[in-house]
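**Q** Got a structure for you, written out below as structure tokens; questions coming shortly.
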Amino acid sequence: MSTSQRKIEHLKLCSSSPVESRVKGTGLEDVMLVHRALPEFDIEDIDLHTNFLGKSMKAPFLIASITGGHPDTGPINAALAQAAEEMGIGIGVGSQRAAIEDPAQAGSFSIMRDVAPDAFIYGNIGAAQIKEYGIEKIEDLVEMLDADAMAIHLNFLQEAIQPEGDTDASGALDAIREICSLDIPIIVKETGAGISHEDALLLKKAGVSAIDVGGAGGTSWSGVEVYRARDRKDVMSEMLGELFWDFGIPTAASVVECNVSLPVIATGGIRTGMDIARSIAIGASVASAALPFVAPALESKEMVLKRLKLMMNELKVAMFLCGCQDLHRLHITPTVITGWTREYLELRGFNVKEFALRSDRSELQVI
């Protein structure tokens, strides 16, 4: 099956089937922002502006990589990109592999820059593909979008479930290191299984500019492959997909794991402005999501905008209620981590109490 056809299959499944994690949450439900009953500012004065990888954005949010590489995906990417442009946020494209294999598919990606000339847009290709195609092809993908950054996705869980998957992970780190020599920020992103502290340190040493945790708790690409396997009557792939449906490090834990002095993108089950706020409070620079925008993008740009505006309003309310007028204060606001996430992080050697005890004590006067 061609990459282009597989992309449209994935899109249809994500828009019509239950593909999210079934038993494992994001861990953000274990993250509590400490309420401040005296915010002492007007909610209208909250400033969501941020600078991410050298680009100014009106809010700390990206529409995560969704699609591209099939003629039917062009209008969807246009709707998403137009909404991102109007909101002043960032957006990523789906894997550009299909455009390498068939240059006729490039328009389904390049349309995003056509309709969003000022938005932060990042390209996207798999680690397996950078080994295969080399640095010159990656430069072509950057040029295709006039991209502000390039994402290298790690999806070896999905590859292991697919009968046509590329499971040779040898040399991936060296290939990433080589790509980091390009004069453009390089983001390395997981696609639903999270990134550990050990791998975050390796990626930092390799020279990446940011890490997108792509944690468990949102869309399960193992689950997506279950549906594809059923259609093909591929019992082996279906059984593998079922077993690994919820495999991986949940998003909240992975955000903390990836705090290695690099910008962190919290992706994986981000569904509300509260999720965004919680993610930033435990170390993310920005958050991103894909699945919540698939169905709206199939309808219109206006439906995408409606969902984005709701999430940004939710973020403002969350910040208001914990006394954070800007994102800097949200980064240091007292935050209590409980439950399974606390247990996991403590067993991994992280001091979660530090999050709970921090505060801007210069504002507090002892009487």
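The values are calculated or read from the model by the stated rules, or taken from the named source; none is laboratory data. Note that the structure is a prediction, hence the values are computed from the model and not measured. Cβ placement follows ideal geometry from the backbone for every residue including glycine, while neighbour counts extend to all protein chains displayed. Side chains included, ligands, DNA and RNA excluded: accessible areas come from the protein's heavy atoms. Shrake-Rupley method; radii C 1.70, N 1.55, O 1.52, S 1.80 Å.
**Q** Work out the charge dipole of the chain with +1 on the Cβ of Lys and Arg and -1 on the Cβ of Asp and Glu about the Cα centre, then indicate which of Ala81, Gly269, Ala128 is farthest towards its positive end.
**A** Checking the options against the dipole of the chain, the answer is Gly269.
**Q** When the distances between all Cα atoms of the chain are binned every 10 Å from zero, what whole-number percent does each bin get?
**A** 5, 25, 35, 24, 8, 2, 0, 0
**Q** With a length cut of 15 Å (Cα positions projected on each helix's long axis) and a Kyte-Doolittle mean of at least 1.6, go through the chain and give me the DSSP H helices that pass.
**A** Answer set is empty.
**Q** Here is a further query. If all Cα-Cα distances of region 223-367 are sorted into 10 Å bins from 0 onward, what percent lands in each bin, rounded to whole numbers?
**A** Going from the shortest bin to the longest, the percentages are 10, 30, 30, 21, 7, 2, 1, 0.
**Q** Longer than 31 Å from Cα to Cα, which of Lys131/Lys204; Lys233/Lys309; Lys58/Lys189; Lys189/Lys316; Lys233/Lys301; Lys306/Lys353 are they? Say none if no pair is.
**A** Beyond 31 Å: Lys233/Lys309; Lys233/Lys301; Lys306/Lys353.
**Q** Let me ask you something else. Kindly sort Trp221, Trp340 by accessible area of their heavy atoms, largest first, with the probe set to 1.4 Å.
**A** Trp340, Trp221
**Q** Subtracting the Cα-Cα distance from 0.36 nm times the residue separation, let me have the gained length for Ser359 to His331 in nm, one decimal.
**A** Extending this stretch completely gives an extra 9.1 nm.
**Q** Additional query: Quick one: Cα centre-to-centre distance for region 310-350 and region 212-269, in angstrom?
**A** 23
**Q** Hey, another quick one. Separation between the Ala295 and Glu132 pseudo-spin-labels, each 7 Å from Cα along Cα→Cβ, expressed in nm?
**A** 3.4
**Q** How far apart, in nm, are the 7 Å Cα→Cβ label points at Glu143 and Asp72?
**A** The two pseudo-label positions are separated by 3.2 nm.
**Q** Moving on. Longest exposed-loop-site-free stretch of the chain, with trypsin sites (Lys or Arg not before Pro), DSSP loop and at most 15 other Cβ within 10 Å?
**A** Excluding the exposed sites themselves, the longest stretch runs over 59-232.
**Q** Given a Förster distance of 45 angstrom, what is the FRET efficiency for Asn259 paired with Glu40, based on the Cβ-Cβ distance and rounded to 0.05?
**A** 0.95
**Q** Non-local amide H neighbours of Gly69 (under 5 Å, H modeled in plane, Pro and chain starts lacking H): which ones?
**A** For Gly69, whose amide H was placed from the backbone, the distant partners under 5 Å are Ser108, Phe109.
**Q** Between region 70-118 and region 151-171, what is the C-alpha centre distance in whole Å?
**A** After rounding, the separation between the Cα centres reads 23 Å.
**Q** If you take the beta carbon distance between His49 and Lys233 as r and set R0 to 45 Å, what does 1/(1 + (r/R0)^6) give as a FRET efficiency, to the nearest 0.05?
**A** 0.30
**Q** Can you pull the three principal axis extents for the Cα set of region 21-131, in Å, largest first?
**A** Sorted from largest, the Cα extents of region 21-131 read 58, 38, 26 Å.
**Q** Enumerate by residue number the GluC sites (Glu not before Pro) in region 90-170 meeting two conditions: DSSP loop (anything except H, G, I, E, B), and at most 12 other Cβ atoms within 10 Å of the site's Cβ.
**A** Passing both the DSSP loop test and the Cβ count: Glu164.
**Q** Further question: With +1 on each Lys and Arg Cβ and -1 on each Asp and Glu Cβ, how big is the dipole of the chain about its Cα centre, in debye rounded to the nearest 20?
**A** Computed charge dipole of the chain: roughly 720 debye.
**Q** How much length is gained if the chain between Leu201 and Thr167 is pulled fully straight, taking 0.36 nm per residue apart and subtracting their Cα-Cα distance, in nm to one decimal?
**A** Going from the current span to full extension adds 10.0 nm.
**Q** Along Cα→Cβ, 7 Å out, is where each label goes; now give me the distance between the ones at Glu346 and Leu310 in nm to one decimal.
**A** It works out to 3.7 nm between the two label points.
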